[in-house]
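Novice: Starting off with a structure, shown below.
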Amino acid sequence: MSLLFQNANAKMINIAKEVFTRHLDLDPKLNDLYDERRKMLMYEDILYNLGYLDTAMSLSDDHIFPEYARWIYRLLYYLMKDINKETIRDQMILHFDILNDVLVEKLPENQAIAASMHIQNAITVIKKESNSADLPERILTGNYLDIKENYIRHLMDGNTRDAIRIITEAAKTGIRLEDIYIEILQKVMYEVGDLWHKQIITIDKEHYCTSTTQMALAQFYSTIFSKPRKGLKIITCSVGSELHEMGIRMVSDLFEYNGWDSIYLGAGVPKEALLHAIKEHRPNMVGLSVTMPQHLPLCLEYVTSIRAIFKDVKIAVGGRAFETTDRLWEKWDIDVYKENAELLVDWATKNIST
């Protein structure tokens, strides 16, 4: 449950407006430095900051808000090429100081103390980032580098046919399906997400890359669904309004490839719909995916409800959101967290039987 803003969106908006106004009053040169678009982005960032702070406090996790601050600092570094990184650092620290002052005034003392701790941790991270060398452009590394570079090059060129051909030919060389999924396609999609984050590519390009990669995955379905069945079943979905589904789609596919029957519910699945599906299909395992950290509290609600009603079903969680936490999954009543689909399949093979 939200700690800062229970049933009070208006309260969050009022706090955001107060922070925005004070920031401009304390640093009037921003009126010249920022155009109207940047001022609107600044206000939207305040709302995001409050949302992530609320998530961190709700889950009592010390990593979520500092990792978010690091993400924002790097985003501004890439977007505001005309502003040096020290200025960005100083603006962010001033903003967090103002945010802290407003929350101290508006919140009960115990909540204000908790909020201040998260904010100070975020300031420490920003200072460390600004003192590092210039942030490097991340490039694809690791195994199958030539394949990944060729694939993403064709994606950037909008060359669907050759992009899919790259993956088809990779499979013909004997590369394991698990490696095609995780080491090639998943890593490329992480890179695509980072390119969009830096606004090097637009949202339409990101959507195109996603849909093309889904087509690349589809060519393996005849092989995936031809495997002998083990009499085991998994239900998978992305939590709540979470729209990122590529990772959990890969989980379903690799479980099918290993002889499980998968009930893939996709993205944006309400809790009651998931509970209904579990009651209907009686799976051995439920897999929940979260990409954006603000959906983690809802994921916890899903876990709690599943555990209360279905005592015997195994519960697995995963997704990039958990990577920003202080091993949050260890506090939850789940059976397993794994970093990728192959590791989860390996765990299930060892721990679940018919």
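The values are calculated or read from the model by the stated rules, or taken from the named source; none is laboratory data. Keep in mind that what you see is a predicted model, and the values were worked out from it rather than measured. Neighbour counts run over all protein chains shown; Cβ positions are idealised from the backbone, glycine included.
Novice: If you take the residues in segment 72-95 that are free of Cβ contacts under 8 Å to residues at least 24 places away in the same chain and over 16 Å from MET42 (Cβ atoms), which one is farthest from the chain's Cα centre (by Cα)?
Specialist: In this case the residue turns out to be ASN84.
Novice: Please specify each residue of segment 272-297 satisfying the condition of being closer than 25 Å to ASP326 by Cα and in a helix (DSSP H, G or I). Please lay out each step first, then the result.
Specialist: First, pick out the residues of segment 272-297 that are closer than 25 Å to ASP326 by Cα: 285-297.
Hits for segment 272-297 are PRO293, GLN294, HIS295, LEU296, PRO297.
Novice: Criterion first (at pLDDT 95 or above and part of a helix (DSSP H, G or I)) does ILE123 satisfy it?
Specialist: yes
Novice: Before we move on, is THR55 within 19 Å of GLU323 (Cα to Cα) and either among the β-branched types (Val, Ile, Thr) or in a helix (DSSP H, G or I) (or both)?
Specialist: Spelling it out, THR55 is indeed within 19 Å of GLU323 (Cα to Cα) and either among the β-branched types (Val, Ile, Thr) or in a helix (DSSP H, G or I) (or both).
Novice: Within segment 230-261, take every residue that is of a type in the set (Ser, Thr, Tyr) and more than 16 Å from ASP346 (Cα to Cα) and give me the one that is modelled with the lowest pLDDT. Even if it seems obvious, please write down each step before you answer.
Specialist: First pass over segment 230-261, keeping only residues of a type in the set (Ser, Thr, Tyr): 236, 238, 241, 252, 257.
Okay, now just the ones that are also more than 16 Å from ASP346 (Cα to Cα), so 236, 238, 241.
On the way: THR236: 97, SER238: 92, SER241: 74.
Of everything passing the filter in segment 230-261, SER241 is modelled with the lowest pLDDT.
Novice: Here's something else I'd like to know. Just the residues that are buried (at least 16 other Cβ atoms within 10 Å of the Cβ), closer than 20 Å to PHE20 by Cα and not aliphatic (A, V, I, L, M), please, taken from segment 64-96.
Specialist: If the condition is that a residue be buried (at least 16 other Cβ atoms within 10 Å of the Cβ), closer than 20 Å to PHE20 by Cα and not aliphatic (A, V, I, L, M), then PHE65, TYR68, TYR73, ARG89, GLN91, HIS95, PHE96 are the ones that fit.
Novice: Checking PRO293 against (1) at pLDDT below 95; (2) buried (at least 17 other Cβ atoms within 10 Å of the Cβ); (3) in contact with a strand residue (DSSP E or B) (Cβ under 8 Å, 6 or more places away or on another chain); (4) not aliphatic (A, V, I, L, M), which test does it fail?
Specialist: Tallying (1) at pLDDT below 95; (2) buried (at least 17 other Cβ atoms within 10 Å of the Cβ); (3) in contact with a strand residue (DSSP E or B) (Cβ under 8 Å, 6 or more places away or on another chain); (4) not aliphatic (A, V, I, L, M), PRO293 fails exactly one: (3).
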